[in-house]
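Below: the structure, in structure tokens.
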Amino acid sequence: IRVTFTAPDGQATTIEAEDGQSVMQAAVAHDIDGIVGECGGAMMCATCHCYVDAAWTARTGGPSPDEAEMLEGAAAEVDDRSRLSCQIRLGPGLYGLVVHLPEEQM
Ligand code: FES
């Protein structure tokens, strides 16, 4: 599954993730700067905050209530494209997904 991460300075990195991985797992596996994933995907840290590209928000959907609550603890500004990347599961419907990285995670 191809995923592109865009850094705050506009630099884009495209990786090939495994089907079924979360966006956080894919980012960590490919050393993407800007996704930390401290809790390993347990929805306990908000260091995997990302902004889903506006063209993709309909397909990823929004955060669950628990996720939205955890997002309140994110270091960078949260907006209506904000998701915890550990809660976005990659599959064929998300081939080509683009997410934007926040300025900070801690
Ligand atoms: Fe901790 Fe996503 S990795 S909330």
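Annotations
- Over the chain, volume per residue of the alpha carbon convex hull, in Å³: 86
- Per-residue [θ]222 nm for the chain (sum of -39500 (n - 2.57) over DSSP H runs n ≥ 4, rounded to 500): -4000 deg cm²/dmol
- Between the residues Cys50, Met70, Leu90, the greatest Cα displacement towards the positive end of the dipole of the range 2-100, with unit charges on the Cβ of Lys, Arg, Asp and Glu, is found for Leu90.
- Cα→Cβ-extended label distance, 7 Å offset, between Ala29 and Trp56, nm: 1.5
- Taking other residues whose beta carbon is less than 13 angstrom from the beta carbon of His30, and scoring Lys, Arg as +1 and Asp, Glu as -1, yields -3.
Bear in mind these aren't lab numbers, they're just calculated from the coordinates by the rules spelled out. These figures come from a predicted structure and were not determined experimentally. With ideal geometry, Cβ positions are generated from the backbone for all residues, glycine too; neighbour counts draw on all protein chains shown.
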